[in-house]
Structure formats: structure tokens, C-alpha cells
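Only one structure is covered here, and it is reproduced in the block below.
The values are calculated or read from the model by the stated rules, or taken from the named source; none is laboratory data. Just so it is clear, the structure is predicted and the values come from calculations on it, not from any experiment. FYI the Cβ positions are ideal-geometry reconstructions off the backbone, even for glycines, and counts take in every protein chain you see.
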Amino acid sequence: MSKAKQKKDTPLHEFVGLVGIGISLILFLGSIGYTGGVIVEHICRVARLFFGMGSTIVFLFLLFASLAFMVEKWRKKLCTATASFVLLLVTSLGFAHMGTALGEEFTKEFIVRRGGYVGAVVTALLRRAFGDVGSYIALSLIAISAIFIAVGLSPSEFFIRVWQRIKALRERLRKATPTQRLQKARKESTHAVKLPKELADSAELIDSAVSETQAQKQEVSVDKDSAERNEEKHPLDKEFAMPHVITEEKRAKKKRFKLLPDHYEKVIAALDKPSSSDIVDSETDTEEGIRLVEKTLASFKIDAKVVNVKRGPVVTRYEVQLAPGIRVSRIANLADDLALALAAIDVRVEAPVPGMSVIGIEVPNKRVALVRLRELLELEEFKRSPSKLTFGLGKDIAGNPKFADIARMPHLLIGGATNSGKSVCLNSIAVSLLSRADPDEVKLLLIDPKRVELSLFDGIPHLVHPVVVDVRHAVLALQCVVKEMERRYELFAEKGVRNIESYNAKLSDDEEPLYHIVILIDELADLMMQAPAEIERLICRIAQLARATGIHLIIATQRPSVNVITGVIKANIPSRIAFAVASQVDSRTILDMNGAERLIGRGDMLYYPIDAPKPIRLQGAFVSEEEVNRVVDTLINEYGEPEEYLFDLREIDEEMKAQVQKPEKKDPLFDAAVELVRRKGYASASMLQREFEIGYPRAAKIIDQMERAGIVGPPEGSKPRRVLIPLVDEPMQGRMERLSSEDVDEEAREDDISDNYRFGNN
């Protein structure tokens, strides 16, 4: 049986191409002077009469055409290449024959040395119809048409691209390259932001996030003093005071973008067209698959019949109907046996198919079809969507396009192993949003700790900040989003509305509508490794409250473990996408069920929206890096880069560091506390509480100041701290002077009153 199958699959076109290469090579050598025998000489003589000096080019084209006929990818484009070559050959021979005098086109000398009979006929017809000038114009138009056919562009698309290149070149010559202008904007942009005093503590919190996490792993036991002090500093238990970074002055200065009438067409033109090679398996392969599925089930004494077959771009689903009395679980346990019988990479059994009384057996196709993003975005379903947050996901098993709306999700979690398609999915979502929305309708906040994927979008006018690649800036960016969310709720309360749609509908013509903000995070694991508590708190707060304000989260990670995708995050992000993962544990972490471990990768996904009973298997839309670069260049050339960003994290970060680095003011009880611990021989916050009748936070703060001055040692579990300097000597005086003893913190007295009131010591 294997021999018969091998004979059946023998590629006949390869033998035909090989014979064609040999014949065309012999004729080519004969046309350039090598002796090739009587038959070759006669063929070359006839070719010279027909094509003149172009006969050698004809044989050379036949040589390359025979070579292309052997390769499947090239063979699909052979018809287009042949048509282009014929048109170019005819015009070339016509141009070569235009040098002859009128009426001498068919002279034998000109026939052989110029364009042959083909060139003579073309020249004679054109001259008599249009004259010499008209003939040159007609031949030029034919040559241009041949070039358009060869490159696969229509004249309108060609001239649009040429015009875009001219505008881009003119813009670069006028100002500089987009990258240089972007760097200049980052350096020269200044935004007056008044930071409240509480923000000064945030820099220390973010810097110490990594060290606190490592310290918690190393310490076996923690004393009450250090535990409560860390609890006081921990961002989870302290409401973080973030300034309103988007000031009214900045809003007034913000550049208003107007959606260009051809915005959608220009973005679509920057994407690649779907190739004709994107086909699925043949009918013969499908019929063979039906026979093998039924035979395999019969070998396990399962009476079943394949009632329908749906062929998608990557997977074919055989819908099996069971006889009465047969359990569904029997087929679900035969996935590996079916994969063996069908010689497939893996087989996924969906038992049953939602809404149908059949069982789906999903088998990967032998030939995978690529789903281009442009193919989805050109559909009327996408164009007619009322939401600007609609994006193309891919195609389902039946080959039907699938779209999603972020506003209805309202947040999305994407997980999968490396090279499974997560970053491509994020890119396709971003390009889909950019294709229909202008910079005043949808804003993007891109966080890319990997510095690879989302950085391609740097410089587009839709960004609220340049692509964030630093974990510290990522925390600040999410805090800015939280403050923006709270500001929007205040606006909703003033208008008496509940969501962004109702708010924008009530605005007058002179009022500025609110825009949607979509946050894309590529690799959550990098953020959770360095600042887990703060990142989790901010993500959960945004996921819980931001939907009504038009703020949405899309998070991707290649490490779908419970340490990264925590239970709190999962509970607040109901819509999920799972790409291929390594184990059932990872699949359950993303989807709360098995299935993703049987995906085949390269965009194969399980899409689990909030309103679906089961995940839907899709082949994700593909968009290449070159396409993304063309889209970004198109947007920058049309709208220009933002003169200033709504979020200026660099300036905020610098001001926070400057405030943290200011000399710390000494507590009024510091000297008395130093004398007390010197006499006692040990130090603890509880001792200071009893002696000075103050609250714990202030006592812990004094202990921290003494530790930084080198007076007491670090915490030692449940033991009190050791006093490093028992006597007040000169070195200790120097360490105390570094605490700026001349500046007394007046606010400490207020803290003392509030602490005493809190602990009942009034």
C-alpha cells in the first residue's frame, strides 16, 4: 500500500520541468553560436525569424520557466510571469523595429537583426494606426502594463505608493528622519507637573520592590517590627497618591488630529495581499481522512459515522455522529490513537461540538494556509462595525472570519509558549485598531519589557507615551492610567452618566470628547518578577473599574503559571486566548480547562470570550514586521509624530528621584531615642512606643533613621536590634549630622498627635 501511495504522489511536474530545462538549455546554447546539430539549428533559425535578436531571450526565459515549473511556490506565479514576459517581449521587439524606415519593416535584413516578424507586424500595425509618435506611446503603455502585472500592483496603488514615498522624502529633508525627530521630542519636551509630597515615597517603593521580594524568600521568620514596617511601606496597603499628570494646560495644547478621508485605505494598502498559495488540503486528502477516522473508530468497536467535514486554513474538523448507547468519553480518550492512524502531529477531540449533536475530531492539515490580516480588514463586516475597538482575530475551523470588540470583552488575557503567535496577535490587534481610528478616538499605551515587538509602533500619533520598556516606568504608566480613570469617573458624576458613550453623547460641540485607551502589555512575567505586588494591584484596579471609562487591558505572557497569572488577575480578566502550551497545567491556568496543549502552534489558538460556553479554535491573522513598519511609516507621514505626550513618565521619574534624594529630616525625638537605646543596649519599635507614648509608625520610622545612621543594626528575626555604638562619640555625631539635624520635621508632631489618637494615647 505504501508503494502505491508513493507512486500516486510522484510529482510529474518535476520531470516535465527537468526535461524543459534540458531542451531550453540546448536551444539557448545553439542560439549564441554553439553547434547543436541540424534540429537545433533549424529551431534557432525559425526562432530568429520570428523574434529576431530576441530569440536568445526567449530560450533563456524558457530555461527559467522550466526551473520554476519544478518548484510549487514558483509554479503558482508562472502564469503571471509568462504574461508579463510576453508583453515585455512584444514591446521590446516593437521598439527594436521602430528604427526601420516606413515600408521596410519586412525586409529580411531587419527581420533577422531587429525584432523579427513579431516586431515587424507590431510596428507596421501601430505605425499605420497611430504614426511614429503614437506607436512609441502605445508601446510604452504596454510595457508599463506588463510591469504592473509582474509586481502585482494596480496603477492607482503604484502611484499612491510613489506619492507616499515622495512625501516621506520631502518630510525627512525638511525636518529630519522620524527617529531623529522622535528623539528630539523626547529630549526637548517639558511639561510643568506639580507633584504632591506623598509621591516622593513612591520612587523608594518601586525601587525596593525587587529587593523586598528577594528578602521575603530568604528570611525564615520576620519580627513584628520589620513585618509591620514593610506592611506600612507596601503599596498594597497604602493608597498611592499619583498626580494628575494630564493638566488642563496640556489638554489645551494637545494637537487635535482629524481623521483623513483615505485613512483606512492607506493603512490597508500598507498590508500584504493574501497569496494565491494560501490553500487547504484537497478533496482527496479529506476523503482519505474520513475513511481512516471511521476505520479507526470501528477497530475500537465504536459505531460512528462522519456526517460532515469542515476544512479551515490549518485544521480540518471531522464531525462524527455516534450510534445510540455509545459514551462520548470513549472517543475523547482515543485522541492519540486517531493521531497515529491519521499520521497527524496531534489530534484534538471536541466532545461534543457546542450546539450540535456531533463530536468534532480536529486534524491538522498537511498544507497550512496563511491568514493575512488584510484579508480580514477588507471585509464588510469589519468596515460596518460601529465600534472603533473592533479587530480581526482570524478564521475558525470552517474558514469563516472572526472579529472581536475590546469594548465588549472588556479585557483580554493572552497566554502561550514561545513562538506560538502571541506577539503577532498583539501586532494584528494594534494594526486593526489603527486602521479605523484616528489619534483622537483611540489612544494606545504599549508596555514591552522585552523591547522587541511593540517597539515597532514607537512614534505613531496614537500613543499616550513612547513605548514603555522599563519596569519602573511601567508602574508609573499604570498609575497614570488609574488617575485618569478616577478623573473620568468624576466627569461622569458631574454629567450624571454611567459610561464613556453616554458622556460623549451629552457633550456640546465645543467640549472635547473622551477617547478610548487600550493598554497592551507584552510579557507580564517580566513585570511580575520585578514588582509583583504593585503590578498586580494596578492591573486588578484597572480591570475592575476601567471598563465604563473606556480603558481596556490586553495582557500577553509566555509563562502561564500561577505566579504570573494570579487568581486575582484571572478573576478580573474574563476573556482569554490560549496559544500552544507545553502542558495541561498551563492550559488550565489560562482557560481553566485542557485543550491548549494539543494546539500545533504558529497562530493556532483557542479563543474563549466572556459570552461563549466553550473555547473556539481559530487560526490567528498574520501580520509581518515589514507590514507593521509600513503602517507606522504611513501614520507618521500622514499625521506626524506627537509634539508632546499625555503621559511624561521620564519627567515624573526624575522629580520623584529628586525628592527622594533630598536630605531626610530628623524626627524631634531622634536624639532622645538614641540616648534611650544607648542606655538600654538594644533597640525596638515597641520600646520606643512605651517610653515616648507614640504610635508604631512613628517609632518604626525612628528605628529606620537610626539604622541608616549606623546607630543600630539590621533586624535579626524576633530579637531586638543590636546597638552598634554604645557611647556618643565623634563618629556617631558625624552620622547624626547626615540626617540634617538642623531641619526638624514639623509634620512629625502632627503624626504624633494622630498616632496617639489612633492608639488611644490622647
Filter segment 712-726 for residues that are at pLDDT below 75 and on the phi < 0 side of the Ramachandran plot; which is farthest from the chain's Cα centre (by Cα)?
Pro726
Exactly one of these conditions fails for Ile519: (1) outside any strand (DSSP E or B); (2) among the β-branched types (Val, Ile, Thr); (3) closer than 28 Å to Val481 by Cβ. Give me its number.
(1)
Filter pass, Val562 being closer than 23 Å to Pro449 by Cα and more than 22 Å from the chain's Cα centre (by Cα)
yes
Which residue pairs have Cβ atoms closer than 8 Å, lie 6 or more positions apart in sequence or on different chains, and pair a first residue in segment 697-714 that is in contact (Cβ under 8 Å) with a residue 40 or more places away in the chain with a second residue that is part of a loop (DSSP other than H, G, I, E, B) and of a type in the set (Ser, Thr, Tyr)?
Ile703/Ser684
So which helices (runs of 4 or more DSSP H) stay within segment 603-711 end to end and still have 3 or more residues that are at pLDDT below 85 and surrounded by 15 or more Cβ atoms within 10 Å (Cβ to Cβ)?
649-660
Given the residues Ile414, Ile406, which is the only one that is under 26 Å from Leu635 (Cα atoms) and modelled with pLDDT of 90 or more?
Ile406
Applying the selection to segment 427-482, what residues are out of contact with any strand residue (DSSP E or B) (no Cβ under 6 Å at 6 or more places or on another chain) and among the acidic types (Asp, Glu)?
Asp438, Asp440, Glu441, Asp458, Asp470
Just one of Tyr503, Tyr489 is crowded, with 20+ Cβ neighbours inside 10 Å, of a type in the set (Phe, Trp, Tyr), in the same structural domain as Phe647 (by TED's automatic domain parsing) and at negative phi; which is it?
Tyr503
Residue check: is Val363 modelled with pLDDT of 85 or more, over 24 Å from Val581 (Cβ atoms) and touching a Phe, Trp or Tyr at 6+ places or on another chain (Cβ under 8 Å)?
no
Taking segment 576-602 only, how many residues are assigned to a loop (DSSP other than H, G, I, E, B) and either of a type outside the set (Ser, Thr, Tyr) or within 20 Å of Ser428 (Cα to Cα) (or both)?
12
When you scan segment 315-336, do you find a residue that is touching a Pro at 6+ places or on another chain (Cβ under 7 Å), within 30 Å of Leu78 (Cα to Cα) and at pLDDT 85 or above, even just one?
yes
Identify all residues within segment 129-149 that are at pLDDT 80 or above and aliphatic (A, V, I, L, M); write none if there are none.
Ala129, Val133, Ile137, Ala138, Leu139, Leu141, Ile142, Ala143, Ile144, Ile147
